[in-house]
Structure formats: C-alpha cells, structure tokens
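Since every read-out is calculated from the coordinates, none of them should be taken as a lab result. This structure is a prediction, so every number in the text was calculated from the model and none was measured. Every residue, glycine as well, gets a Cβ built from its backbone with ideal geometry; the counts of neighbours run over all protein chains shown.
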Amino acid sequence: MINLITGLLIGIGTFFIVVGSIGLIRFPDVLNRMHATTKTTTLGACSILLAATVKYGNSPIGLKSFLALWFLLITAPTGAHMIARAAYRVRVRLATDRMVADDLEGVAERFGYPPEQDQDQPI
Amino acid sequence: MILLPVVLFAPFVGAALTPLLARYLGRRIGWWAAAVALGNTLALLTLLPSVVHGDTLRFTIPWVPLLNADLTILVDGLSLFFALLISFAGCLIMAYGRFYLDPREEHGKFFAYMLLFMGSMLGVVLIGNLIALFVFWELTSFSSFLLIGFWDRREASRYGATKALLITAGGGMAMLIGFILLQQVTGSWDLETILRQGDLIRASSLYLPILGLVFLGCMTKSAQTPFHIWLPNAMEAPTPVSAYLHSATMVKAGLYLVARLHPALSGTEAWLYLVGGVGILTLCVGGFLALGQDDLKALLAYSTVSQLGLIMALYGLGTSAGVVAGSFHLMNHAAFKAGLFLCVGMVEHETGTRRLSQLGGLWRAMPWTAVFTLVSAAAMAGLPPFGGFVSKELFYGATLDVNAGGARILFPILAVAGSALTFAYSLRLVYGVFFGRPGKPPKHPHEAPLGMRWSPLILAALNPLLGLWPNSVGHFLLGPMAAAILRHGAEIHLALWHGFGWPLLMSAMTIAAGLFIYPARSRIQHWQEEVFSRLSLDAIYDGSLRVLSQSGRGVSLSLQSGFLRRYLLWIFSFLSLVVFSTFIWDRVSLLPAEARSVLSYEGILLILTLVTSIAVVLAPRPLPAVILLGGVGYLVGILFIVLYAPDLALTQILIETVSLILFLLVIYRLPPFIPEQASRGRLLRDGLLATAVGGAVAAVILATAGQGYFPSIAEFFLRESVPGGGGRNVVNVILIDFRGYDTLGEVTVLAIALLGVYTLLAKKDTR
Amino acid sequence: MNILVNGALVAIACATMLCLYRMVVGPSVPDRVVAFDAFSTNLAAVVLLLVIRDGLAELIDVVLVLAILGFVGTMAVAKYLKKGDIVD
Amino acid sequence: MRRPTTIIAEVVTRFAFPIIFLFSLHLLLAGHNNPGGGFIAGLMTAVALVLQYVVFGMREVQRVTPSSYLGLVALGLTLALGTGLGSLVLGWGFLTSGILHLQIPLFGEVEVVSAFVFDVGVYFIVVGVTLTVISLLGRETA
C-alpha cells in the first residue's frame, strides 16, 4: 500500500518537473518561464518529498523531507516573486504582443524606471 | 688544551670590547689591540716546544652534531707558524697603526675591525673542519671589506672594497662547492680524516673538479693571476691594513690552504701544472706589473702578488724540496714585505705622497727609514747576506729537479725571469725613493717619530738573522711546518753557502738580467699604459659588473610589471612547464592501474560540466558568468552525490553559493568586463596557457591517483574511524581528530588571512 | 517500484539538462536566475529519488541544503538585479 | 520607511531563518557520525545571516548583530587551541581526543568526543571569517 502511494506521488512529481522544465524552454519571456519553474518546485519536488515522507514515516529521512517540503512550498513562490519584481523593474523585454492585459500599465513610467532594454544589456 | 679556544676567540672578544674601551682610552686604544695580539703571540709560543717535537694538539667543541661536523681546533707545525705570523705581525702593525692614524680618525672602529680580522684569520689557520674553515674564510673577506673601505668617504676605497669582496667571496663560493665535493668523496668534514685519504681522493672521478674549485678559492684570496686585479685597488686602505692584510696574512690564506691540502690533493700531473703553473705565471706577471708602477704601495702590492706566485709555484712542484723552499720563503717574505710596507707608510706619513715621480734623495732627510728599506729590499731581491738569498737558492734548486716533461725546461727559465724582475723593481724602489735627484714632496720630509720606527727596525733585523743562521729557524719552525705539509719528516739543511752549482749560476744570471732590465723601466711603463688601456682585466671586471646589474634590472622590470595578469602569466606558465617537463622526462604513464568503466550518467555529467564551463568563459558580462560558474559548481556537486560522498557534496554546494554571494558583492566595483578589448593574440595566448595549466593539473592527478604508487590510506581511516575517532563520518573524524593538527594550522591561517582582509577593507574610506 | 524510480531519475535528469540549456542560453540575467533556481530544485529532486531508491539517510541533508541555497541564491541575485548591490 | 525588499520577502525570511539556523546547528552537532561538521555548519550559518542581510538590509541587521565578528574568530581559535592544550595538560599528547559517555535525560545515552569542541571552534572561526568579509564588503556599498 505504502509503495503504491509513493509510486503514485513520484509519478506526479516527475510529471510536473518534466512539464515545468519544458515550459522553461518554450515560453517566450521571463515571467512565463517563471510561471513554469515555480510549478516544478512546488508541485514536482514537493510531491516527491511527500512520497519520501510517506515512505519513511517517523524516521530521520521522513521528518527531514517533511521539513524540506514545507520549506520549499513557502520559499519557492517568494523567490519567484522577487525575481519577477526585479525583472520588471529592470524592464526586461516582455512578449507584449501576446499580452492580454497589462495591469501595471503606467507604473514603469511613473516610477521612472530605466527605458525598455533589449535582452543583453550590461546587467 | 684549554689554551687553544682562548687563543682563537680572544681577538673576537677583544674586537667586541674595543669600541667600549675606545670611549675611555681614546687614541691609546691602539695599545690595547697590540696587547691582545701580544698576548696571543706569547700563548702560541708556549705551544712551540710540544709542536716542535712533533705531536699535533687538538681541541674539539661539538658544533653541528647533525652533520657530524664539530669545531676541532688543530695545531701542528704549519698552523702554528701561521698563527705566530698572524699574531706577531698583528702586534707590530697595531702598535705602528697607533701612530699612523691621525687623531681625528675613529681609532676604536679601526682596531675593532683589525682584531676581528685577526680572529677570523686565526680561525682559518687553526680550524680542522671544512665548514668552519669556510665560515672563517668568508669572515676574513668580510673584515677585509670593512678595512679596505675604512675611509668610506672616498669613492676609490669603496670601489676597492667592493671589488675585493666580490672577487674573494666569489672564489670562496667555488671553494665551498669544492669542499662539499670533497666531503662527498671522503665522507667527513674533518680535515685530518680527509688528509689521510689522499689516494682515495686522487683516484676518485671528482678529483679534478675538487682541485679546480678549491684552487679557485685560493687563487682569488691570494690574488694570483687573472684574479690579482683587486689587490692594487685594495691599496686604498690605510697602510697598516695593506701591510697586515695584503702582504703578511690574508693573501697567504690561499697559500695556507694549498699547503694544508697538499697531502690530500698534490702529487699528480694536474697539481703540478695548475698550482705550479699559476704560481710561476703570477711571479712573472706580478713582477712585470710592479716594475711599471709609479705609486709605491701599488708597486709593493704587485710585488706581493709575484712573491706569492713564487711560493705557490714551490708548493706546486709537489716535491719535498719545493715544500721546504716554499715555507722558508714564506718566512722571509713575511719579514721583508711587512717591513717595506711600514717604511713606505713612514715615507708617506712624512712626505705626504707615495708617488715615485715626486720622491727622491730622501736618504739624508730620513736616514733610518732608508736603512730599513735598503735591508728589506735587498732581502727581497735575494742578495747574499740576507734570508732572501737562501730561499732564492732553494727555489732554483727545487725548480731544477722537477722531472715532469715540458716543465723541466720552462720552470727554471721563468723562475730566473721572475727573480730578475723582482731584483729590478726592488732596485727601483730603493733608488727612486732615497737616492737619485731629489723630488718635490708636498710636506718637507724629516725622520718619522721614534715610536713608529720600532716595528720596521725589528722586521728589518730579521732578514740578516734568517740569512746567516737559517738552521736556527729551520730547527724551530721550518721542520715541524714541512713535516705537517708532507706528512713525513723532511731533512732540512739550510746554509747561506751551497757551493758552486747551477743555483749559484742562476742567481748570478738573475742579478745580471735585473741590472739589464732596470734602465728600461720607463719604456716598460709606457708600453703597459697603452696595452692596458685596451684589454686590461679591470675592464673585463667592470664590464661584467655593469652587464650583471643591467640584466638584473631588465629581468626584474619584466617580471615586476605591476600588472596582476603579468604575475599570473609567469606563475602559471612556469607551473605547467615544470609539470610537463618532469612528466616527459620520467615518461610517467597517466593511464590508471586498473581502469574502471565510466558509468553512463558520469559521462553525461562530465560533458555538461564541460559545456557550462565553456559558457562561463564566453559569458558576455560578469553576472551571467558568475551564475554559470554557480551552475558548474552544482554539477560537480552532483558528481560527488552520485559517487556517494555527501560531505563533499555539501561543502561544494555551500562554497559555491557563498562565493556566488561574494561575487555579487564585489561585481559592482569590478572594472567593466569588456572582452572585446583583448586582442586576438592575447586571447589565443591566454587560451593556450589555460589549457596547458588545466592539462598539467589533470596529468598530476591522473599520475598520482591512478598509479597506486603509495598504498591508499583509506583502509586505515575506515578501520580506525569508529574506534579511534569515535564517529562514523570518516571525513569529519579525519578533519578533526586524526589530522586535527593540520586543521588547526589551516584555521589559524584563515584567521590571519581575515585580519589582512579586515585591515584592508575596514580602513578603506567607503566611497 | 525500482523501474519507476529509475525512470523518474532519467526523466528528471533530462529536465535538468533543459534547465541547463536555459541557463547557458538565457538571453537576460533573470532568465538565468530562474533557470538556476529550477536547476537546483531539480538536483534536489534527483538526490531525493536516490535517497528513496537506496534509502541513504546521509543524502537527505543535501536535499535540504539544496533547497535552502536555491532560495538564498535567488534572493541575492534578485536583489542585486534591482539596485546593483545586495546589502544596503 | 524605505524597505530594501518587499514585505513578502521579510515575512518569509522570518519563517525561513530559524529553519536554516537550526539546520546549521544540526549539521554541527551531527557532524561526527553523518554528513556535517564545523566547516559546513559554519557556512550554513553564514548563509542564514546573509539571507537576513539581503532581505533586511545592513542597518537593520547591524542593530541586532555584533559590530564585528572578530570576537567570534578569537573564540573559535581559543576553543580549537584549548582542546589541543587541554589534552596536553591531562598528560596525553597534543590534540589527542578522548571519548565520554554522558547520560542526558531527554536524549538518553549520548557519546561526546573531545574533538567535538575542536569542531565547534572551527565552526565559530568559519562563521566569523565569512560574515566579517561579507559585512565589510556589504558596508562598503552603503
């Protein structure tokens, strides 16, 4: 029974990691890629961690993976959030043609961020 | 025999005390120095009876047990004679020096150096251990440097001092190598054991290099030809120094060493030609140059060089007659040369000049000095009633019975020529200064003060003594000395009159040739000026010095260019050069002993690492490069994980992240990283160098890890980890417990490095 | 069970290579940082699978460390991106 | 109040810091038997504090942390040397380590190795060195 659940969780985890990584490659700009990679961390890695917790239960491995699970779940989005914020402030070129709605329409001009740069600026 | 170390170290103690005492004694410090020398002489005289009847006194101080080299003080006939010579001459000259130095000079400093020299010279002649001998040998060069350059305000004395030091110390270095080779052959540093293994040394393949190198040291110290150039410049020293160092003692150190090593090295063809040849050559060259000199002290300097050549030639003959003649002439030379120097000093002291052209007809003004100079010069020329004549006869006798091939004819002829030149310049010395047309010296000449005249009087009186009763000296000093050199008793019968024979004929020819050469001296002088303006040895010496300093400056400029890049370039290219050359030289095989198949994922990982590291190099800006570097670090981390080394993986990843953070902190201030700036050539060069260094490091790892040269220490640690260190984590146990000492060292280094960084950063004004 | 874990290992390994591709190519720095973060998490997953497959208690620390360092690294670079220095 | 990073970051670091710090202590304490050790623990604590520096900025953190970490380095060195000299004083050779078996109520039988004190010394030194450099470099730009 335990093995079945662990196997299932590992399957789900791997699926999300692979899909996330493919997304990382195919998406046009930073924000989209970030969207994909956060999936790999939260859903992918955490489900494998959950599998480990289930499998090993109350042993050092189990507890540590449980801790890692929670740590990852919380820190991954923050990391992504910080990166997105920084990327936006640095005005990295975004795929505006496919953009449906830009909530931060006038924000960049009002805060006087540096003009839009193409990708390989000296940062 | 507690007396021996006392004798050896008394001058050093005296030298140390002299500056203190100078404050109280003022100008009378000269007497203190003379007293020390007199004390030494008397102490040595007490040793005379036991040495005369043939036994060798020994006193051993354990010095360097590791090298089994201990300070053995060895006194036999040879060393006792030299020690007596050094102390007695020292005593006379220091008493004379007391008057010679004018009051304004620093007497304390002068006599401290003189005593220092005397101690080191005694050390050279009394020590029976090669290393200590070398130490004292260099000490004599050092103290001669101090004494020559005593009047350091004058450029000429500084030049003379450095020249003397460079040449004698250079020779000393060669001699040291010779000593080391000697130790390799005989296996011990102790002089006596070496002297007993003469045949072993002569037979060994290293004989020639040893002979050459040791003799090189003697040649430079005794100013034999090609190395005689420093002696005339050394005449810039005060006259007592010239008399003491550059005639009586220091220049004889080379002779002493030749005599001391005579049983070990002599007796072969090479010895005859090298030592004998150089000696005879120096005799002639020195005599010829002396003839052409205008400055009195330079004339005496060259005469010393030629007389030393004569003695060296005698020792070079390798026969017992040669040794006896050489030792006897050594005594004569000590007497008349020191006397001549003191007389010249008195002339200079009174007339204010040393130039022959300005002197003349002084016998009326300075009768006493004239008599002393006449007696000493006559002894030097080898006229009958004086000791010089006896040693000249012996010299001719010895050269005649040389039985080695070509030398049989050549040696006697050169001997006669040299002696003729000696006769000529001694005649020139006496006539030029005291007789002939009176010159116009700067100061009106009058007789030297009484105190100054005692020393030359004693020295001059020795000559007739040696001439008329040579056997008395023979029995006391000459016998044990010759025995020490030859290692077997030598029958000595010195007599003023040897009856008719070839030697007497050769003496007559010498005097005739001398009289014939004398009038031609002015032409010789001009001829010398032209020749030496072009190819003099001095020019070679100065030229080589200039080249040396320029090339030194050139090398340091190119190395210390101030650019970090340049330093790294030199360091890395040297590193790879060394590694590759050793590998190629020893044909080290890089293939591991038992090759393990590379697993699939290891292969992929390695390729990935390669790709990423290339990306790091090609990264356009510093930040991407740093992140990619982080990537490479993590890849290597995985490699550790895959090979089940968790500790290493942890350390690797942590270090990678911390360095990433440090880079981020620093990047902001790095100069703009503009790759295009580097020209294609430089990129290629740096690329090549990088691959070379990478290759070198890889080769080292492959060579050491795979070959199994040393049994791997892993088993030990694995086995001992739990019982010994009490922990299953072997890496940690090693770090803290087994190799705790190393970690302690590393950690302290880390702390010290931090202090360095802290001072640098904390003090910098933050922009 | 083992086949599944080995299969997962290979899949995640390929995914890691994809992240590496993005890291190397990544036009702008944020791309590279994101790829770096994903890369470290994938590594954690790989290690975790090794732990699950072979039951090695030691390697679990590595997973935790990778997670922590991925986070701190991303935060540092993100802050740097914004104003050129990360500690002000 | 100019905030170096967003509130979210601050909240999350307040959550993450204790975990990282405790984990580093865990690495230190478990060092002898499973992966860890003074050096790695030191670096991990440094990383934890760097996170604080990054997120809360230099001024905030300086209010809490000591002005200079040199004291830590000194402490570490004395500990390391202390263990060495200690064993010397007790008659064994320099730096020999002894093993004690303590009965701590909560954890049961615990085996403490004298080398552990040496490890703690190393830990303090590594933390001190890393943080001094980082705080110096960091303050540079303020």
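Worth pointing out:
- Rounded to 0.05, the FRET efficiency of the B:GLU105 and B:VAL371 pair, given R0 = 25 Å and the Cβ-Cβ distance, is 0.30.
- Ranked by the mean number of other Cβ atoms within 10 Å of their residues, highest first, the peptides B:744-750, B:541-547, B:96-102 fall in the order B:96-102, B:744-750, B:541-547.
- Per-selection Kirkwood Rh - chain C (Cα, Å, 1 d.p.): 14.1 Å
- Only Cα pairs under 8 Å and 6+ residues apart enter the sum, and on that basis the relative contact order of chain B stands at 10 percent.
- Among the listed pairs B:LYS221/B:LYS392; B:LYS163/B:LYS297; B:LYS163/B:LYS443, a Cα-Cα separation exceeding 20 Å is found for B:LYS221/B:LYS392; B:LYS163/B:LYS443.
- Evaluated at q = 0.12, 0.13, 0.19, 0.23 Å⁻¹: base-10 log I(q)/I(0), Debye formula over Cα of the stretch B:254-368: -0.52, -0.58, -0.94, -1.19
- Highest to lowest packing among A:90-101, D:126-137, scored as the average C-beta count within 10 Å: D:126-137, A:90-101
- Over 52 Å [Cα-Cα, the protein assembly as shown], rounded percent: 49 percent
- The modelled label-to-label distance for the pair B:LEU457/B:ARG682, using points 7 Å beyond Cα in the direction of Cβ, is 8.2 nm.
- Calculated FRET efficiency for the pair B:TRP31/B:ALA508, C-beta based, R₀ 41 Å, to 0.05: 0.30
- If only the Cβ of Lys and Arg carry +1 and only the Cβ of Asp and Glu carry -1, the dipole of chain B around its Cα centre is close to 2080 debye.
- Whole-percent pair-distance distribution, where bins are 5 Å wide, for the alpha carbons of the stretch B:369-423: 4, 20, 24, 19, 14, 9, 5, 3, 1, 0
- The gain in end-to-end length when the B:LEU610 to B:ALA270 segment is fully stretched comes to 115.9 nm, 0.36 nm per residue minus the alpha carbon separation.
- Value of D in µm² per second that Stokes-Einstein yields for the stretch A:2-110, Kirkwood Rh from Cα pairs, at 4 °C (1.567 mPa s): 83 µm²/s
- Average beta carbon contacts from partner chains per residue of C:45-56, 10 Å cutoff: 6
- Computed on the stretch B:288-369, with alpha-carbon pairs under 8 angstrom and 6+ residues apart, the relative contact order is 30 percent.
- Residue among B:ALA645, B:LEU176, B:ALA703 farthest towards the positive dipole end of the protein assembly as shown, charges placed on Cβ: B:LEU176
- Proximity of backbone amide H atoms, modeled 1.01 Å from N, is registered between B:ILE61 and B:LEU71, B:THR72, B:ILE73 at under 5 Å, excluding neighbours fewer than 5 places apart on the same chain.
- Paramagnetic reach from B:TRP63 in the stretch B:1-22 [backbone N under 12 Å; point 7 Å along Cα→Cβ]: none
- Per-residue average of Cβ from other chains inside 10 Å of B:734-742: 6
- Given R0 = 41 Å, the distance between the Cβ atoms of B:LEU465 and B:SER549 translates into a calculated FRET efficiency of 0.20.
- Least to most buried among B:TYR567, A:TYR88, B:TYR302, B:TYR24 (fewest other Cβ within 10 Å first): B:TYR24, B:TYR567, A:TYR88, B:TYR302
- Given charges at Cβ of Lys, Arg, Asp, Glu: the protein assembly as shown dipole, positive-most of B:ALA714, C:ALA57, B:ALA298: B:ALA298
- Residues B:ILE61, B:ILE667, arranged from fewest to most other Cβ atoms within 10 angstrom of their Cβ, appear as B:ILE61, B:ILE667.
- Kirkwood-based shape ratio for chain B, expressed as Rg/Rh from alpha carbons: 1.14
- Descending by average beta-carbon neighbour count within 10 Å, the peptides B:267-278, C:62-73 line up as C:62-73, B:267-278, the highest first.
- Taken about its Cα centre, the stretch B:65-122 carries a charge dipole of about 160 debye when Lys and Arg each add +1 at the Cβ and Asp and Glu each add -1 at the Cβ.
- Residue by residue, the stretch D:26-38 carries 3J(HN,Hα) couplings of 4, 4, 4, 5, 7, x, 6, 9, 10, x, x, x, x Hz when phi is fed to the Karplus relation 6.51 cos²θ - 1.76 cosθ + 1.60 (θ = phi - 60°); x denotes Gly or Pro.
- At most 14 other Cβ within 10 Å, DSSP loop - trypsin sites (Lys or Arg not before Pro), the stretch D:1-81: D:ARG2
- Using a cutoff of 8 angstrom between alpha carbon atoms and counting only pairs six or more residues apart, the relative contact order for chain C works out to 26 percent.
- Whole-number D in µm² s⁻¹ for the stretch B:6-111, Kirkwood Cα-pair radius fed into Stokes-Einstein, 4 °C, 1.567 mPa s: 84 µm²/s
- Total charge dipole magnitude, the stretch C:2-83, about the Cα centre, Cβ charges on Lys, Arg, Asp, Glu only, Debye to nearest 20: 440 debye
- Overall dimensions of the stretch B:45-198 as given by Cα atoms, namely Rg and Dmax in Å: 17.9, 54
- Adding -39500 (n - 2.57) for every DSSP H run of four residues or longer, then dividing by how many residues the protein assembly as shown holds, sets the calculated 222 nm ellipticity at -24000 deg cm²/dmol.
- Low-density loop positions, chymotrypsin sites (Phe, Trp or Tyr not before Pro), the stretch B:113-222 - DSSP coil, at most 15 other Cβ in 10 Å: B:TRP151
- Loop-resident chymotrypsin sites (Phe, Trp or Tyr not before Pro) (DSSP state other than H, G, I, E or B) in the stretch B:380-462 with no more than 16 further Cβ atoms inside 10 Å of their Cβ: B:PHE435.
- Comparing the stretch B:138-210 with the 2.2 N^0.38 Å rule of thumb, its C-alpha radius of gyration ratio is 1.54 (two decimals).
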